[in-house]
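Written below as structure tokens is the structure these notes are about.
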Amino acid sequence: MKRNVLIIGAGGVAHVVAHKCAQNNAVLGDIHIASRTLSKCQAIIDSVHEKGSLQQDRHLQAHALDAMDIDATKFLIRATHSQIVINVGSPFLNMSVLAACIETGAAYLDTAIHEDPAKVCETPPWYANYEWKRRDACKDARVTAVLGVGFDPGVVNAYARYALDNCFDSVDSIDIIDINAGSHGRYFATNFDPEINFREFTSTVWSWENNAWKSNAMFEHRQDWDMPVTGKVTTYLTGHDELHSMSQNLGVPNIRFWMSFGEHYINVFNVLKNLGLLSEQPVRTARGQEVVPLEVVKAVLPDPASLAPAYTGKTVIGDLIKGIKGGRTQEVLVYNVCDHRACYEEVGSQAISYTAGVPAVAAAMLIANGTWDIGEMANVEELDPAPFIALMNRMGLVTRIRDAQGDRVLDPQQEAPGKTAPARLVNY
Ligand code: NDP
């Protein structure tokens, strides 16, 4: 059993993580929030109190921390007796926070792949460039590290694993489809950290085709889908974290990621990119100041968390899986629908932050109760998806399945009663 959580970061996702940890502090214990800006941590704590999210009257405290400083992070982990660290700071922090966890024995969770600020779109598979190099170190220290446990990456990895094990004899393709059919009413904004968001789209789009990496350009491939809630919706082939583990772990020849974009977003994005304003490389101004254009764009765009009060509409995110069962081809969609307004009413956040934060806390609870406390590093598709999906169904993120039998809530216990799997699954 592990207790006490240290949340790193105080942005939109951390806000949701704090509320959900508070709602489940009988299992998780004390909660500490640490970020560069102490006032942001304190604002989250005020919101937790205002919403009455604390399940039990336990410790909830803010700390100032530069999480690039491994010694300072180790000190805070020890001082707060935190046995679980949920890293929802910037992805530039991952390797430092992971190092602090390995050295203190705390379990590690994050929701995005590590990035080097000076590099964009490195050689695939991306996990091999950073995180997987620490696999042995985690195993030697018996440290549980669950990588990319937001919604995508995260829940979509679990959906794929669930479908492979329960719905098919063999799978030919997994299309991950991410639709935000919401509206925030601003001229232009990104739903999470603009710097990270744009870095996803400014370089090569990697996808997994016929068991090999294929490179494309952003907005080169367009595909319409018939999705629940939205009906026909247009998406574009996009590079994304989860392809870089699922391609290596699942033995599926085709895995692609599709994201919806409105024409207005594409126009603004193209103008910014073509002007060079999305570059991560520094430029020197006439006054001799060195600035990173992407950081300037981030500074002038709305803070994603500020979008929440006015956000309406829903997100629909899931996996469309095609393969063979009993000699016949079949298609299964495993998905979630999340309502921006309902998230705001519950925890004061928009649905993108909510869908990323809830899974991280569900994973922390599975580590706390021992179910996922495997004492080594894993991506989500390597873990038993059933308890994860069942727990999220009770925490506000309900999974649905659409197949030949219709469209219904996916309750893993009802669909595959009595089926138990080891916490860490063998890869395909
Ligand atoms: P934000 O930009 O809103 O928040 C990031 C936080 O990290 C800020 O509070 C920032 O502090 C803090 N931070 C940055 N550098 C440091 C540092 N050196 N030390 C301590 N704290 C630091 O991001 P989001 O909340 O939107 O996203 C958080 C993470 O979740 C990101 O990795 C993002 O990619 C990921 N994500 C994952 C999703 C999924 O489904 N898997 C979906 C959405 C996001 P400060 O405020 O002082 O700058």
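Of note:
- Residue satisfying all of: in the range 142-190; at pLDDT below 95 and polar (S, T, N, Q); farthest from the chain's Cα centre (by Cα) among these: SER183
Each row is one residue, and each column tells you yes or no for (1) closer than 13 Å to ALA34 by Cα; (2) more than 14 Å from the ligand (Cβ to nearest atom).
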| residue | (1), (2) |
| --- | --- |
| LEU65 | yes, no |
| ARG78 | no, yes |
| VAL88 | yes, no |
| THR104 | no, yes |
| TYR108 | no, no |
| HIS114 | no, no |
| ALA118 | no, yes |
| CYS121 | no, yes |
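- Candidate set: the range 98-117, residues that are of a type in the set (D, E, K, R) and in contact with a Pro (Cβ under 9 Å, 6 or more places away or on another chain); chosen: the one farthest from ASN4 (Cα to Cα): GLU115
- Residues in the range 18-42 that are within 13 Å of the ligand (Cβ to nearest atom) and out of contact with any Ser or Thr (no Cβ under 9 Å at 6 or more places or on another chain): ILE33, SER35, ARG36, THR37, LEU38, SER39, LYS40, GLN42.
- Within the range 24-54, the residues that satisfy the criterion of being touching a residue at least 60 places away in the same chain (Cβ under 8 Å) and under 21 Å from the mean Cα position of the chain (by Cα) are ASN24, LEU28.
- Enumeration of residues in the range 309-367 that are over 23 Å from GLU381 (Cβ atoms), charged (D, E, K, R) and surrounded by fewer than 16 Cβ atoms within 10 Å (Cβ to Cβ): ARG328, GLU345
- Residue in the range 403-426 that is among the hydrophobic types (A, V, I, L, M, F, W, C), within 19 Å of the chain's Cα centre (by Cα) and at pLDDT 95 or above present: no
- Remark: SER306 falls outside the filter, which requires a residue to be modelled with pLDDT of 95 or more and either exposed (fewer than 13 other Cβ atoms within 10 Å of the Cβ) or of a type in the set (Gly, Ala, Ser) (or both).
- Residue that is nearest to LYS51 (Cα to Cα) [pool: residues in the range 311-366 that are of a type in the set (Ser, Thr, Tyr) and away from the ligand (no atom under 13 Å from the Cβ)]: TYR344
- Looking at the range 6-103, the strands (runs of 3 or more DSSP E) lying wholly inside it that each contain 1 or more residues that are surrounded by fewer than 17 Cβ atoms within 10 Å (Cβ to Cβ) and at pLDDT 95 or above sit at 60-64.
- Evaluating ARG135 against the criteria (1) away from the ligand (no atom under 15 Å from the Cβ); (2) at pLDDT below 95 leaves one unmet condition, (2).
- Just one of the numbered conditions (1) of a type outside the set (Phe, Trp, Tyr); (2) under 24 Å from the mean Cα position of the chain (by Cα); (3) away from the ligand (no atom under 16 Å from the Cβ) is not true of ASP57: (2).
- Just one of (1) under 21 Å from THR111 (Cβ atoms); (2) outside any helix (DSSP H, G or I) fails for ASN197. It is (2).
- Count - residues of the range 277-299 that are among the hydroxyl-bearing types (Ser, Thr, Tyr) and modelled with pLDDT of 95 or more: 1
- The range 255-305, subset charged (D, E, K, R) and assigned to a loop (DSSP other than H, G, I, E, B), residue farthest from the ligand (Cβ to nearest atom): ARG287
- Looking only at residues of the range 373-428 that are β-branched (Val, Ile, Thr) and touching a Leu at 6+ places or on another chain (Cβ under 7 Å), we find that the one that is farthest from ASP319 (Cα to Cα) is ILE389.
The values are calculated or read from the model by the stated rules, or taken from the named source; none is laboratory data. These figures come from a predicted structure and were not determined experimentally. FYI the Cβ positions are ideal-geometry reconstructions off the backbone, even for glycines, and counts take in every protein chain you see.
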